[in-house]
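The values are calculated or read from the model by the stated rules, or taken from the named source; none is laboratory data. Because the structure is a prediction, the values reported are computed rather than measured. With ideal geometry, Cβ positions are generated from the backbone for all residues, glycine too; neighbour counts draw on all protein chains shown. Ligands, DNA and RNA are stripped out before the accessible areas are found, and what is left, the full protein with its side chains, is counted by its heavy atoms. Shrake-Rupley method; radii C 1.70, N 1.55, O 1.52, S 1.80 Å.
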Amino acid sequence: MKKIILGIETSCDDTAVALVDSEGNILSSVIASQLDIHNEFGGIYPEFAARAHISAILPTIHETLKKANISPKEISAIAITRGPGLIGSLLVGINTAKGLATGWNIPLIGINHLRGHLRSADLEEKRIIYPATILLVSGGHTFLAYMQSETDIKLLGTTRDDSVGECYDKVARMLGLGYPGGPAIDKLAKTGTSNIKFPRPLIDKGLEFSFSGLKSAVARYLDANPDANKADVAASFVETVIDVLITKSKKALKQFSAKSFAMVGGVSASPQIRESATEMCKKLNIAICLPPMRWSTDNAAMIALAAFDYLNLNITKPATSDLHLTIEDF
Ligand code: KG4
Ligand code: ZN
């Protein structure tokens, strides 16, 4: 019988719960969104996020089990995001997971949120062929990694300042679009022309990224051109981001021999970025691995799948809420 893991993810603004089997099949996945709560602030309000997790978490777990018609006795382990993320939000998930794992007498496996994103490329279907180069672009992080296997991950280059998602969200705010900014910018960009030349910091240097200069350049442009065509600004911004991401990914693919290229994290839901990555891989004759869009943004299925890597190796990582957890701490 296939093992089943219950995944719980509360690192940010969504309460996500999923049941996943050892082959990455998703038996059920429920996400309680907090968008309505944070929308009026134009970003996430951490204290409200933690409180919303408290009221949503048990009903969401209950609904996930009910949808898949699975009882706690059929679950082999609980996987919980142990960081990085908002500490108040993480604590709600971690303490709930600890209580359930103790009550149900099953192992509790703490998962680094970023490892979850990396493993999301294998959800529903095994896509990654190792060794693989992976680009992670989320709201909190941006980096390139080289994976020899599910558990052998080497960081190639990360961002020195802002993440791509952060940049999308801040530019969206400057353009008067709502939160999260990614989907709104993508939509607007499709109606504009990329006729503004924004800077591409660090583009010719190594595999590190820098996006804060781009964010400031858009702010300066809007200050100097209050009547600017917003769609053109969005289109030029998206083109700049794509240029940087594709240039760096190509560089990594040339430097480290890989059999596939994967792109994960919330920003990889962008149709424009997906199209450019697919085109790049076609030209380089390398397999492209893109999870379905719903698994690009935060979810609990990726956390459960990542936990199988530990369960198979008989390793359980403590579900601490370590504030200092970093991307190196996979
Ligand atoms: O991975 P994710 O859901 O959460 C974090 O781990 O941070 O990523 C959220 C980020 C936000 O910045 C959001 O604006 C961006 O992903 N995003 C997108 C799209 N959908 C979400 N960015 C570009 N295009 C999208 N369609
Ligand atoms: Zn995430």
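For segment 193-204, state whether one or more residues are among the hydrophobic types (A, V, I, L, M, F, W, C), more than 10 Å from ligand 1 (Cβ to nearest atom) and not in a loop (DSSP other than H, G, I, E, B). Don't jump to the end; show me each part of the working.
The first filter runs over segment 193-204 and keeps only residues among the hydrophobic types (A, V, I, L, M, F, W, C), leaving 196, 198, 202-203.
If we keep only those that are more than 10 Å from ligand 1 (Cβ to nearest atom) too, we end up with 196, 198, 202-203.
Keeping just the survivors that are not in a loop (DSSP other than H, G, I, E, B) gives none.
No, segment 193-204 has no match at all.
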Quiz item: What tally of residues in segment 120-137 results from selecting those that are open to solvent by 10 Å² or more (accessible area, probe 1.4 Å) and within 18 Å of Ala300 (Cα to Cα)?
Solution: 3
Quiz item: Can you name the condition, by its number, that Pro46 falls short on among (1) over 19 Å from Ile109 (Cα atoms); (2) in contact with a strand residue (DSSP E or B) (Cβ under 8 Å, 6 or more places away or on another chain)?
Solution: (2)
Practice problem: Would you please name the residue that is nearest to the chain's Cα centre (by Cα), looking only at residues in segment 105-122 that are away from ligand 2 (no atom under 14 Å from the Cβ) and in contact (Cβ under 8 Å) with a residue 12 or more places away in the chain? | Solution: Asp122
Quiz item: Does Ile153 satisfy being within 14 Å of ligand 2 (Cβ to nearest atom), over 22 Å from Val238 (Cβ atoms) and modelled with pLDDT under 95?
Solution: no
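For Lys3, indicate whether it is in contact with a Ser or Thr (Cβ under 9 Å, 6 or more places away or on another chain), open to solvent by 10 Å² or more (accessible area, probe 1.4 Å) and without any contact (Cβ under 8 Å) to a residue 40 or more places away in the chain.
It is false that Lys3 is in contact with a Ser or Thr (Cβ under 9 Å, 6 or more places away or on another chain), open to solvent by 10 Å² or more (accessible area, probe 1.4 Å) and without any contact (Cβ under 8 Å) to a residue 40 or more places away in the chain.
Being free of Cβ contacts under 8 Å to residues at least 12 places away in the same chain and either open to solvent by less than 50 Å² (accessible area, probe 1.4 Å) or under 17 Å from Ile8 (Cβ atoms) (or both) narrows it down to one residue among Ser71, Ser76; which is it? First the steps, then the outcome.
Details: Ser76 fails: free of Cβ contacts under 8 Å to residues at least 12 places away in the same chain.
Result of the check over Ser71, Ser76: Ser71.
Looking only at residues in segment 171-187 that are crowded, with 21+ Cβ neighbours inside 10 Å and either assigned to a helix (DSSP H, G or I) or modelled with pLDDT of 95 or more (or both), which one is farthest from ligand 1 (Cβ to nearest atom)?
Looking only at segment 171-187, we keep the residues that are crowded, with 21+ Cβ neighbours inside 10 Å, and these are 171-172, 177, 180-182, 185.
From what is left, the residues that are either assigned to a helix (DSSP H, G or I) or modelled with pLDDT of 95 or more (or both) are 171-172, 181-182, 185.
Working: Val171: 10, Ala172: 7, Gly181: 5, Gly182: 2, Ile185: 7 Å.
In this case the residue turns out to be Val171.
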Self-check item: Out of Pro72, Pro84, sole residue that is more than 19 Å from the chain's Cα centre (by Cα) and either assigned by TED's automatic domain parsing to the domain that holds Met302 or at pLDDT 95 or above (or both)
Solution: Pro72
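Do we find that Val238 is within 16 Å of ligand 1 (Cβ to nearest atom), part of a helix (DSSP H, G or I), closer than 21 Å to Lys205 by Cβ and open to solvent by less than 30 Å² (accessible area, probe 1.4 Å) in this structure? So that I can check it myself, show each step before the final result.
Details: within 16 Å of ligand 1 (Cβ to nearest atom): yes; part of a helix (DSSP H, G or I): yes; closer than 21 Å to Lys205 by Cβ: no; open to solvent by less than 30 Å² (accessible area, probe 1.4 Å): yes.
The answer is no for Val238.
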Practice problem: State which residue is nearest to Cys12 (Cα to Cα) when the search covers only segment 188-202 and only residues that are touching an Asp or Glu at 6+ places or on another chain (Cβ under 7 Å) and modelled with pLDDT of 95 or more. | Solution: Arg200
